[in-house]
Amino acid sequence: MNIIVTGGSGKLGRAAIRDLQAHGHWVLNLDTAPPKDPQGPFTRVDLTDFGEVMGALSGIDQQYRRDTIDAVVHLAAIPGPTQRPDHVTFAQNIVSTYNIFEACVRLGIGNIVWASSETLLGYPFDGPPASVPITEAVRESRVSYAHSKLLGEVLAEQYAREHPAMKLLCLRFSNILDPDAGDYDGLEGWQADPQIRKWNLWTYIDVRDAAQAVRLGVESEITGMEAFIIANEDSVMHRPSRELLNEVFPGVLYTQDVPGTQSFYDTSKARTLLGFTPTHSWRRH
Ligand SMILES: NC(=O)c1ccc[n+]([C@@H]2O[C@H](COP(=O)([O-])OP(=O)(O)OC[C@H]3O[C@@H](n4cnc5c(N)ncnc54)[C@H](O)[C@@H]3O)[C@@H](O)[C@H]2O)c1
């Protein structure tokens, strides 16, 4: 397939491009920042500008022109709270997402995979979850970054209703950890205090498994809007998950057992519908 990846210079974008290319896809990276290491075609585009998005998605010069763009993977964003003032995060993320969805509709690109976020699942867990394991049925936002992701999912639902042949997959990634960026180096430091990582109930996603989910999303034959939790099967902790939760939030309802160090995020929807199989546990790193 010919695939545009937005935010391809970022943490997840670089891994997603690597994985897509390794599986035979042609990829064009649209980003405001050039990639650290070249990974194929790159064009500098500000996604908050609708004209730039329309221009880029409809073809850039002869060099990067493809008769058909088959899919757009939209990862570009301010990727979390506190990185910019709240209103800037909200405005940039929601306008970029609208611009991508709207441009895809106008250009007849019906295959969209977009990075939503775990922050819709209860972040920052100042209080207990209603029950565990947590499924896609939970959708609530408490901070501006999460508001931008929530409204992105609502937009995706509306575009899917208006255009039933389209696919708009919203991948709710857990905290993305990249071993090559040293993200696993601090894990031992989290072990002594369960409070340090209670903000996402001790979950994570290895960047290579996140990239796998992106590719499976692009290649899947699903139509309509679907949201998926994307996380690794285990937690970031050595202690059993049940013991951690009981210490921090005693009395939470279990709708299913969560044995050993299993994650409190339920990824069975992604496993069943996408064939998602995370293989990069930090424990083997
Ligand atoms: N990092 C995480 O833990 C995490 C967790 C859940 C969801 N997500 C989501 O996954 C996606 C990727 O996150 P990441 O960690 O790779 O972030 P990142 O910051 O490493 O990469 C984001 C990229 O988007 C680009 N970008 C930002 N605004 C842009 C704009 N207006 N126009 C063009 N390019 C723009 C940046 O230059 C950057 O290269 C984001 O949508 C983020 O919200 C991230």
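Some points to look at:
- By the equivalent-ellipsoid construction on the alpha carbon gyration tensor, segment 182-283 comes out with semi-axes of 26, 17, 10 Å, ordered largest to smallest.
- Stokes-Einstein diffusion for segment 44-93, with the hydrodynamic radius set to the Kirkwood value over Cα pairs and evaluated at 4 °C in a medium of 1.567 mPa s, equals 101 µm²/s.
- Evaluated at q = 0.22, 0.23, 0.25 Å⁻¹: base-10 log I(q)/I(0), Debye formula over Cα of segment 109-190: -1.07, -1.11, -1.17
- Cα-based radius of gyration of segment 104-245 once divided by 2.2 N^0.38 Å, which approximates compact folds: 1.14
- Pairs of lysine residues in the chain that meet both criteria, 8 or more places apart or on different chains and Cα atoms under 27 Å apart, total 11.
- For segment 1-149, convex hull of alpha carbons as volume per residue, Å³: 124
- Sulfur and carbon atoms: percent of accessible area, the chain [1.4 Å]: 50
- A 1.4 Å probe run over the protein chains yields, for the chain, 42 Å² of accessible area per residue, whole-number rounding.
- Relative contact order, percent, segment 43-158 [alpha-carbon distance under 8 Å, six or more residues apart]: 30
- Percent of Cα pairs exceeding the 27 Å cut-off, where the set is the chain: 37
- Per residue convex hull volume, Cα atoms of segment 228-285, in Å³: 88
- For segment 3-66, a Kirkwood hydrodynamic radius built from all Cα pairs, placed in the Stokes-Einstein relation at 25 °C and 0.890 mPa s, yields a translational diffusion coefficient of 208 µm²/s.
- Unit charges on C-beta of K, R, D, E only; dipole of the chain, Debye: 120
- Taking the chain and dividing mean pair separation by its residue count, relative contact order in percent (alpha carbons under 8 Å, at least six apart): 18
- Dividing the summed -39500 (n - 2.57) terms of all DSSP H runs of n ≥ 4 by the residue count of the chain sets its mean residue ellipticity at 222 nm at -10000 deg cm²/dmol.
- Cα long-axis angle, helix 11-22 against the chain (0 to 90 degrees, to the nearest 10): 60
The values are calculated or read from the model by the stated rules, or taken from the named source; none is laboratory data. If you're wondering where the values come from, they're calculated on a predicted model, not measured in any experiment. With ideal geometry, Cβ positions are generated from the backbone for all residues, glycine too; neighbour counts draw on all protein chains shown. Note: accessible area is taken over every heavy atom of the protein model, side chains too, but ligands, DNA and RNA are not part of it. Shrake-Rupley method; radii C 1.70, N 1.55, O 1.52, S 1.80 Å.
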